[in-house]
Every structure is written in C-alpha cells, then in structure tokens.
Amino acid sequence: MKKAIINVRLYDYEQYIENGYIIYDDKIISVGKMEDFVDDEYQIKDGSGEWLLPSFVVGHTHIYSTFARGWSPDFNPKNFQDILDQLWWKLDKHLDNQATYYSGIVHAIDALKNGVTTIIDHHASGKDISGSLTMLKNSVIDTVGLRGLFCFETSDRFNVDEAIQENVNFLKSPLNKTSMVSGHFGLHASMSLSEATLKKVSKVLNQEPIHIHVAESELDEADALKKYNQRIIDRLARHNLLTEDSIITHGLFMNDEEIALLKKHKCVVALNVTSNMNNAVGLPNYLKLKKHGVPVILGNDGLSTTIATEYLTILYAMHLKERSPTAFGLEDLLSIIKNTYAYVSKRLNTKLGKLQSGYQADFMLVPYAAPTPIDASNAFGHLVYGLMHSFKPKSVYINGVEKVSNYTVSKHLMNKYKEASHVSTKLWKRIRNEEEL
C-alpha cells in the first residue's frame, strides 16, 4: 500500500515547501503542496510541526571503534603514533568476527537514532580478517537495515595476503553490488604499507576505488619522504592506486601538487575535523581543496555515530583556521553535504539525498517550532543553527520503512543491542590479559 505524510515542511537542500505532502513506497512517488494533495486511499501520517529531510550519510567512519566507549587503557600519547599504539591498534588487533558483528549492531542502531542511514566504513580486525566484512554487512545491512560501503584496512600490521583477499572477495561478490551495499579496497595509511604490499594491491585492484588515510598527521608525510623520497599521493600514483572515486581520508598535509593529482584521477577527500582536533594533529585546508576542484565529503572517523555535529564543527573550525567568519560559508557546507549524497548515490547506483520522484524513500521527520520565518532562502540556516545543535529525529525511514518511530527502534533490535555488552566484556578481557603478560 502506498503511503503519504501530510501537513509537513519539506526541505532537501534545494526545494522548500512550507506545508506539503510526500507520497512514497520504497521510493518517493511525488511531493507537493497540501493544496494539491488528493487522497487516493493512502496510508496517511500527519507530520504537523515537523520537518521532513533526506536522512544523513557519513562519509568516513570506523565501526570497530564502538567498543572503545568507556574503555580506559594506559594512555599517555606524545604524538599521533602513540595514539594509534596505545589506543586504536591495541583495540583492533583483538577484534574477532563476533565483536565485529556486534559493533556493527550498536553503531548502526545509534546512527539510525541520529538520522544516519548510509555509512562509509573503514574496518580493521586483527583476530579475524576473513569474513569480517560479511559480518559488518550482516549486522549493519541485513539486521539493522542501513546502507553501507565497506572495506578492510590492509596494513603490514596484519596478515597482508589475508587482508587483500578479504577486500577482493567482498568486492567480487554480486551480493555486495546493490542499492544497499558496495565496497572499496581498504588501505590503512602509507606509513603502515610497504612497497611489497602496495605492489600486491596494485596487481589485484582492478580499478576499484581505494579508501585510505593520507597525511592525518605530519608523521605520515615525513615517513613517506624518508623511506621512499616521495610524498604520499605521488607514491600511490606510482603504484597506480589513485583510481576513480577513491576516498582519500583526512589529507591535512597534502601540498598543491598532490591535490592536483587527486583532481586528475577523480578522487574525493573525506574530512573528519572533530577527530583531527581530538587527536591534536591539525586542521584540513578546505580552501586549497576547493581551489583545485576536488570534491570534499564529510565523516566522523568513528568518534561518534552522528554527522550533524560534524557539520557544525567544520563550519566553526574553518572560521578559526582562516581567521575569518566568511572564508568558509554555509554554501561550502552545503556543497560538502551534496557531495556526500552524490558520492554514495553513484557507488550504490541509486538516488539519495533529494525529495523527488524516483529517489529512495530515505528520509526523517524532525520536530521543529521555528521562532522566525522560514522560506527557501533561509531554510538551510534554520537547519544548521536551529536544529543541528541538538539534532534528534523522531522518525527515520529507509526504503519507505519506518526504522525509528517516536525516537525508538524495534524491540528486536534493542535486544540485539543489549547482547553487545557481553561481547565487549569478552573483548576487554582479551586486551587486559595480553597487557598482564
């Protein structure tokens, strides 16, 4: 049965309808003004007092970071490498497929509650590499119902051949080429990838896009220059790894020549500003990326399960970096949001991010009582300064199915969520046992 939401404000970053309707099944059938609405025996929901927006996309995250919440390892880092050694690498080396599955459950449910319905993930799990991406798909896509793009973080820290094969297997499977799921070829960072490893990857890449951290700290570029007498992007280009749609994550210390190469090879850059500030590594040069015409998307780096706060953080952080309240404007933020929708739409071979006929019915309802007038010219300002500071959708839909209703998910999903605590307890015990050896 076709469904309709009526008496609702509709906004998709382009069109704004003050009092409108949307008719949908798994895809959007039509939208319009209430004065033109004709009830054709739809299943109707009244959206009075709410905004209807396309649901969010996270352009880069680490689902495996879920079980770091509340964990207190010995932690006294002096630089970015110490952060990896003392926290993230200590965690991910102990992740098995069970922990991977349940981290996906928790992350996906929390993301849903924050209005996120599509995730681009960068996975690592040292205890179980083989089958780990299928575990993520089983939890995030098959159980919770989100859309996702997955890859395994190939690194010399792990069994390289197994990590490469995990990426290859996931990418080759026709089951992973749908409007719900797709893949990349995952690489950690230049500083953890030898020449031998990159040669192996190059032989099997088959023009698939890579997903890699680049110049997240100055240490990464310094390592590449010292070992290979090349900057990171030049090194990747030498190995023919800069394939179209590759995601270059962070990119804080790339120079103009590197950025020009990214433009030439049709790569995108995923910024993660909150994480950069948390790790005290610096801030990206968005204006340089913009000057070269390199598309920028936005992620949260696994530091959270939302993206609304990242929109605010990049806006304020770029003002501070450029020492100007106008160097990075709302139009720049809007461009990043649209780029992120466009990227996942292309990779999933579907249409996301607009409230138009033929687009997937992935959207959310957010209560909002505006204290000042709203129209098409200022709707984005209301969204950023009025909603995003405490963003919490009341309802979230994927393929026209209400996944979050009155701020909650199904009892079945919450029962799965509760099971995760037992798995995280076992994970932390494995880590403590190693520390005590």
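The values are calculated or read from the model by the stated rules, or taken from the named source; none is laboratory data. All of these numbers come straight from a predicted model, not from anything done at the bench. In this analysis, Cβ positions are derived from the backbone assuming ideal geometry, glycine residues included, and neighbour counts consider all displayed protein chains.
Structure values in brief
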item	result
Scope region 272-295; condition touching a strand residue (DSSP E or B) at 6+ places or on another chain (Cβ under 9 Å), under 15 Å from T61 (Cα atoms) and free of Cβ contacts under 8 Å to residues at least 60 places away in the same chain; matching residues	V273, S275
Test: residue in region 368-375 that is outside any loop (DSSP other than H, G, I, E, B) and touching a residue at least 12 places away in the same chain (Cβ under 8 Å)	no
Test: residue in region 356-366 that is in a loop (DSSP other than H, G, I, E, B), under 21 Å from the mean Cα position of the chain (by Cα) and within 14 Å of T118 (Cα to Cα)	yes
Residue list for region 326-355, filter: assigned to a loop (DSSP other than H, G, I, E, B), among the small types (G, A, S) and at negative phi	A327, G329
Selection from region 253-276 of residues that are more than 18 Å from the chain's Cα centre (by Cα) and of a type outside the set (D, E)	F253, M254, N255, I259, A260, L261, L262, K263, K264, H265, K266
Strands (runs of 3 or more DSSP E) lying entirely in region 1-99 (those with 2 or more residues that are over 28 Å from the mean Cα position of the chain (by Cα) and exposed (fewer than 15 other Cβ atoms within 10 Å of the Cβ))	28-33, 43-46
Cross-chain or 6+ apart pairs with Cβ under 6 Å, region 95-116 first and over 30 Å from L52 (Cβ atoms), then β-branched (V, I, T)	Q98/V423; A99/V423; Y102/V423; S103/I63; S103/T66
Subset of region 117-159 (residues that are in contact (Cβ under 8 Å) with a residue 12 or more places away in the chain and among the charged types (D, E, K, R))	D121, K127, D128, K137, R147, E153, D156, R157
Within region 396-426, tally of residues that are more than 20 Å from the chain's Cα centre (by Cα) and buried (at least 17 other Cβ atoms within 10 Å of the Cβ)	8
Residue in region 142-164 that is among the β-branched types (V, I, T), over 19 Å from L242 (Cβ atoms) and outside any helix (DSSP H, G or I) present	no
Subset of region 309-327 [of a type in the set (A, V, I, L, M) and surrounded by fewer than 22 Cβ atoms within 10 Å (Cβ to Cβ)]	L312, L315, A317, L320, A327
Residue check, Y316 aromatic (F, W, Y) and not assigned by TED's automatic domain parsing to the domain that holds S103	no
Residue that is nearest to A68 (Cα to Cα), among those in region 302-324 that are charged (D, E, K, R) and in a helix (DSSP H, G or I)	E310
Selection from region 300-325 of residues that are on the phi > 0 side of the Ramachandran plot and among the charged types (D, E, K, R)	D301, R323
Evaluation of N79 against (1) touching a residue at least 60 places away in the same chain (Cβ under 8 Å); (2) closer than 30 Å to M135 by Cβ; (3) assigned by TED's automatic domain parsing to the domain that holds A215 (one fails), failing number	(2)
Residue match in region 395-414 (condition: of a type in the set (F, W, Y), part of a helix (DSSP H, G or I), within 30 Å of M364 (Cβ to Cβ) and at pLDDT 90 or above)	no
Restricting region 328-338 to residues that are of a type outside the set (A, V, I, L, M, F, W, C) and either closer than 17 Å to P284 by Cα or touching a Cys at 6+ places or on another chain (Cβ under 7 Å) (or both), the residue that is surrounded by the most Cβ atoms within 10 Å (Cβ to Cβ)	D332
